[in-house]
Amino acid sequence: MKYEFNTEKTYDIIAVGRACIDLNATEFNRPMEETMTFSKYVGGSPANIAIGSSKLGLKAGFIGKISDDQHGRFIEQYMRGVGIDTSNMVVDKEGHKTGLAFTEIKSPEECSILMYRQDVADLYLAPEEVNEEYIKQAKILLVSGTALSKSPSREAVLKAVSLAKRNDVKVVFELDYRPYSWNSPEETAVYCSLVAEQADVVIGTRDEYDVMESKEDGKNEDTISYLFNHSPELVVIKHGVEGSYAYTKSGETFRGRAYKTNVLKTFGAGDSYASAFLYALISGKEIETALKYGGASASIVVSKHSSSEAMPTVEEIEQLIAEGSYIEVGVTN
């Protein structure tokens with residue numbers, strides 16, 4: 001089964017939300033207290049997804065607010081350099097800074113992220129800085145959950161979603177739950193469910209859906225029963241090494257399996273999954289095939305040092321799929 005988009009659009013995907021700086025530890029297997037050197041990359045879930053999409057050959061654009069300093073210029077220049085349209089990236093004029101994410105790589109299983117997100121520029125994107133003429137040119141508007149955590153970014157995203165639905169643009173909601181961005185789990189549930197109910201495609205981990213639904217140990221069938229009473233037509237639920245599931249409103253279920261890889265770190269997998277999954281859908285591939293692209297892309301990125309810089313090519317993804325080396329685990333559904 002394939003998922004259809006309006007082919008008469010200029011952009012394949014326009015992402016909205018945060019673009020920040022990742023400072024990834026270059027010294028592995030040690031705590032951050034002992035780490036002395038870091039490498040700088042562009043980060044932030046929607047930025048990473050736009051970067052991954054562009055590297056796969058999609059025409060991508062980005063809506064967001066960046067700081068008026070060296071970090072902001074680095075982000076814009078890098079994203080423009082990988083082919084993303086940055087014409088709707090707004091430069092903050094009120095002194096807000098770029099968010100920083102320091103990563104710690106103690107072991108492949110034990111990684112953590114230390115975020116500096118106080119009054120960051122991306123959360124000051126205002127509704128009046130969201131352009132309808134720009135959004136209407138996209139097949140997909142990609143929204144991630146963190147942009148909903150504070151005003152005015154929250155209202156800017158809600159406006160973008162409304163404009164997308166008005167102009168035959170598919171809304172893809174990547175849950176992207178970062179607890180440190182929110183005031184409370186209850187607030188998270190309110191705004192994430194509000195956007196999920198309006199989206200056409202929802203992508204997230206089982207844990208992220210639990211937060212959105214204010215549940216513990218939630219079941220996939222309950223999630224899709226809830227969402228399919230609203231706008232979503234396709235729901236993707238990821239279960240880590242157990243693979244992922246895609247559910248359609250018309251009743252089909254598809255399973256994607258995780259691929260074996262030499263894991264270096266755990267972060268970046270979700271963004272690479274989303275970019276490759278959406279690439280496959282936009283390219284006219286079956287949903288089941290799109291799950292393979294997502295799983296393979298995630299496996300490639302967790303084996304490398306960065307997230308954005310490590311986003312794979314189509315050839316790398318297809319080579320891993322062709323090898324067909326899956327992680328063998330029990331089935332969860």
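Quick one: net charge around Asn48, please, counting Lys, Arg +1 and Asp, Glu -1 for every other residue with C-beta under 11 Å from its C-beta. Intermediate values should be presented prior to the final figure.
On the way: positive: Arg18, Lys55; negative: Asp22, Glu174, Asp176, Asp271, Glu309.
Result for the neighbourhood of Asn48: -3.
Would you mind pulling out the separation of the Cα centroids of the stretch 257-333 and the stretch 194-254, in Å?
Here the answer is 19 Å between Cα centres.
Going highest first, how would you order 129-138, 203-212, 315-324 by mean Cβ packing within 10 Å? List each step's numbers first, then the result.
Details: 129-138: 17.9, 203-212: 22.4, 315-324: 14.1.
Ranking the peptides 129-138, 203-212, 315-324 by packing returns 203-212, 129-138, 315-324.
Mind checking the stretch 6-105 for trypsin sites (Lys or Arg not before Pro) that DSSP puts in a loop (not H, G, I, E or B) and that have at most 16 other Cβ atoms within 10 Å? Intermediate values should be presented prior to the final figure.
Details: sites: Lys9, Arg18, Lys40, Lys55, Lys59, Lys65, Arg73, Arg80, Lys93, Lys97; in loops: Lys9, Arg18, Lys59, Lys93.
Here the sparse-neighbourhood loop sites are Lys93.
With the contact rule set at Cα under 8 Å and sequence spacing of 6 or more, what percent relative contact order holds for the chain? All intermediate terms of the calculation are to be shown ahead of the outcome.
On the way: 773 pairs, mean separation 58.8, N = 333.
Computed over the chain, the figure is 18 percent.
For the stretch 96-184, report the convex hull volume of the alpha-carbon atoms normalised per residue, in Å³, without decimals. List each step's numbers first, then the result.
Details: hull volume 10.6 nm³, N = 89.
It is 119 Å³ per residue.
Around Arg18, under 15 Å between beta carbons, what's the net of Lys plus Arg minus Asp minus Glu among the other residues? Don't jump to the answer; show the numbers that get you there.
Numbers: positive: Lys65, Lys97, Arg117, Lys150, Arg154, Arg178; negative: Asp22, Glu76, Asp92, Asp119, Asp122, Glu129, Glu174, Asp176, Asp271.
Value of the local net charge: -3.
Quick one: work out the % antiparallel among DSSP beta bridges in the chain, nearest 5. Before the final figure, lay out the partial values.
Details: 22 of 54 bridges.
Taking every DSSP beta bridge with both residues in the chain, the antiparallel ones total about 40 percent.
With a Förster radius of 56 Å, plug the Cβ-Cβ distance of Ala126 and Glu323 into 1/(1 + (r/R0)^6) and report the FRET value to the nearest 0.05.
Rounded to the nearest 0.05, the efficiency is 0.75.
In whole angstrom, how far apart do the alpha carbon centroids of the stretch 38-58 and the stretch 148-190 sit?
The stretch 38-58 and the stretch 148-190 have Cα centres separated by 20 Å.
Suppose every Lys and Arg Cβ carries +1 and every Asp and Glu Cβ carries -1, with no other charges. What dipole size does the chain come out with about its Cα centre, to the nearest 20 debye? Walk me through the numbers on the way to the answer.
Details: 35 positive and 50 negative charges, 109 e Å.
So the magnitude is around 520 debye.
Contact order normalised by length for the stretch 211-305, with contacts defined as Cα pairs under 8 Å and 6 or more residues apart; what percent is it? List each step's numbers first, then the result.
Working: 130 pairs, mean separation 23.8, N = 95.
Relative CO of the stretch 211-305 lands at 25 percent.
Between Ser225 and Asp168, how many nm apart are label points set 7 Å from Cα along the C-beta direction?
Between Ser225 and Asp168, the label points sit 3.6 nm apart.
Given Tyr41, Thr261, Asn6, which one lies farthest toward the positive end of the charge dipole of the chain, if we put +1 on the Cβ of every Lys and Arg and -1 on the Cβ of every Asp and Glu?
Most positive-ward Cα: Asn6.
Excluding Lys285 itself, what net charge comes from residues whose Cβ is under 10 Å from its Cβ, given Lys and Arg +1 and Asp and Glu -1?
Values: positive: Lys2, Lys292; negative: Glu286, Glu288.
Summing Lys and Arg as +1 and Asp and Glu as -1 gives 0.
Values quoted throughout were computed directly from the atomic coordinates according to the rules given, and no laboratory measurement underlies them. What you see is a predicted model, and the numbers here were worked out from it, not measured in a lab. In this analysis, Cβ positions are derived from the backbone assuming ideal geometry, glycine residues included, and neighbour counts consider all displayed protein chains.
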